[in-house]
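The values are calculated or read from the model by the stated rules, or taken from the named source; none is laboratory data. Since the structure is predicted, the reported quantities are computational estimates derived from the model, not experimental observations. FYI the Cβ positions are ideal-geometry reconstructions off the backbone, even for glycines, and counts take in every protein chain you see.
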Amino acid sequence: MRTSDLDQEYTKMQRIPSLVSLCVRAVAMEIIDDGHFEGVIELPDELLDSLMMNLPPLALQGLHEHYVCSSRSFHSKSVNGGNKRQRFDAKYEGFDGVWKALFKERWPENFKRVELINKVDGAGSSVDHENDWQQLYWETHLQNCLDEAAERAMLPAFDGPYWGIVNICILNSIGYSATKADSCSKLRTLWFHCNKFGRYARCLRLSNVLCIPEISGLLVTSNLRAMVFRSIKCKSHVDGVCDLLRQNRDTLKSLEFVHCRFSSTSFSQICSCIFLEAEPHGIKSFSIKSSSVADGKKSSLPADFVSFLSSGRSLESIHLSDTSIGSKCAKWILDTLLKSSLNLITLEISDNDIRGWLSKVDRRPGECSSLLGPKLSLKSLSILNLRGCNLCQDDAEDLNYVLIHMPNLTSLDLSDNPLEDEGIRSLIPYFVKAFEKASPISDVYLQNCSLSCKGVTEFLESSQTLREPLNSLSVAENNLSRFPRCESPQY
């Protein structure tokens, strides 16, 4: 017999299931149809591993819950668990491996993203960054259910409840069997999925159509650490947001608003839900992007936002991008942060027209500005992003006297501001001192700042005091050909 014929015969033999695999599939089908898990945990390790790999997510969840209950019962009755205790612990790791495989199969792109985040977080660290893949699986599944419900709710012909029927494709992906449940079964409702898997949700994104009074009831089992709200614009949306914020106030660490429109009253209402009077909140990251947070550029931000910032002892990053705030509000925010003595690491006020926001800074050398005061500083600030704020030469000169109160700054982004050569020249005294420090500024972005070759050259000359090369420097989108005879400095 030829080699090719042997290969074909071998392939056929591989496709023929063994008696063990047939038995495993039969047990798996029994579990899927009836949900009976008694005695399954006692199966030999090889059979139990094969069984777990043959179960769809919904049935695996049932087996996992049965295992957890059995494990707790065993540990409570056993003083010296011995080998059996070790077997229970080993099986827990086995479940995590199966959940990881299911996550990778259903969301390959999300899986790559999670793995990349782990590599970045674990870089240079001896600590292994482990994921709870069961938690990640059901959190992502619930997000899919909510996204699909939001899309359905926005259809012109939609007139049903938001917590109605879940798309059959989503149900099939977790092993839903239509033979055992009719179209009105509770398993097909969004309410069931929120109630069943809400406890696994740590981070959720919610659009405005889902921010209704019922949403806090749907997610009552969740302990959310991060929330992203989109297109919140009317009072009913704000009320739904506030209910969720109150419900998750003790666990919430990250809060983001995108494409929202707030009045001063509604924004104040949201801020007041996050903190309790005379008690600091636990928010670490706060972001508002492509949204309006006040009634006009000349308006002051609400007083409750002052309290929110002042009580943010855990605040590490604040991002205010394209929020329609003017120079008055920007100055007020900086002043509040300075007075609050926060351990802030990242501050972004980008894509806002704040020209003249530091116009009252005292420019006299050696003097502390009236804005900053003698003992106020942002010593912990590492990243400052002022991209696209319409800052000009005068703003650069004012900024020079403010940056000295940010001694640990490592990244400065002034891109998309018409600073011109005079503006960058005003900042050179700061850069010279910043480059001389033991931990110097390492990332500078000056894209599209209306600089000529001469202005860039003068900046590069100031960097000769650097102890180490810059990590990042961008001067793209500047007309560097305006002085074609200008020569770059020699190093």
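Just give me the residues in the range 418-447 being in contact with a Ser or Thr (Cβ under 6 Å, 6 or more places away or on another chain) and in a loop (DSSP other than H, G, I, E, B), in sequence order. Break it down stepwise before answering.
Residues of the range 418-447 in contact with a Ser or Thr (Cβ under 6 Å, 6 or more places away or on another chain): 418, 420-421, 428, 431-432, 435-436, 441-443, 445, 447.
Result: Pro418, Ile441, Ser442, Gln447.
Right, Ser382: modelled with pLDDT of 90 or more and more than 21 Å from the chain's Cα centre (by Cα) or not? First the steps, then the outcome.
Numbers: modelled with pLDDT of 90 or more: yes; more than 21 Å from the chain's Cα centre (by Cα): no.
It is false that Ser382 is modelled with pLDDT of 90 or more and more than 21 Å from the chain's Cα centre (by Cα).
I'd like to verify a number: residues in the range 390-439 that are over 20 Å from Ile349 (Cα atoms), polar (S, T, N, Q) and out of contact with any Leu (no Cβ under 9 Å at 6 or more places or on another chain), how many?
Residues that pass the stated criteria total 1.
Find the residue count for the range 249-265, including only residues that are surrounded by fewer than 22 Cβ atoms within 10 Å (Cβ to Cβ) and either under 15 Å from Cys211 (Cα atoms) or of a type in the set (D, E, K, R) (or both). Can you show your working first?
Residues of the range 249-265 surrounded by fewer than 22 Cβ atoms within 10 Å (Cβ to Cβ): 249-254, 256, 258-259, 261, 263-265.
Narrowing the set further to residues that are either under 15 Å from Cys211 (Cα atoms) or of a type in the set (D, E, K, R) (or both) leaves 249-250, 253, 256, 258-259, 261.
Total satisfying the criteria: 7.
Restricting the search to the range 451-479, which residues are closer than 15 Å to Lys437 by Cβ and of a type in the set (A, V, I, L, M, F, W, C)?
Leu466, Leu470
If you go through the range 305-326 one residue at a time, how many are under 16 Å from the mean Cα position of the chain (by Cα) and either assigned to a helix (DSSP H, G or I) or within 21 Å of Ser290 (Cβ to Cβ) (or both)?
5
Each row is one residue, and each column tells you yes or no for (1) buried (at least 19 other Cβ atoms within 10 Å of the Cβ); (2) touching a residue at least 60 places away in the same chain (Cβ under 8 Å); (3) more than 17 Å from Leu337 (Cβ to Cβ).
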site	(1), (2), (3)
Leu381	yes, no, no
Asn400	yes, no, yes
Leu414	yes, no, yes
Glu420	no, no, yes
Ile428	no, no, yes
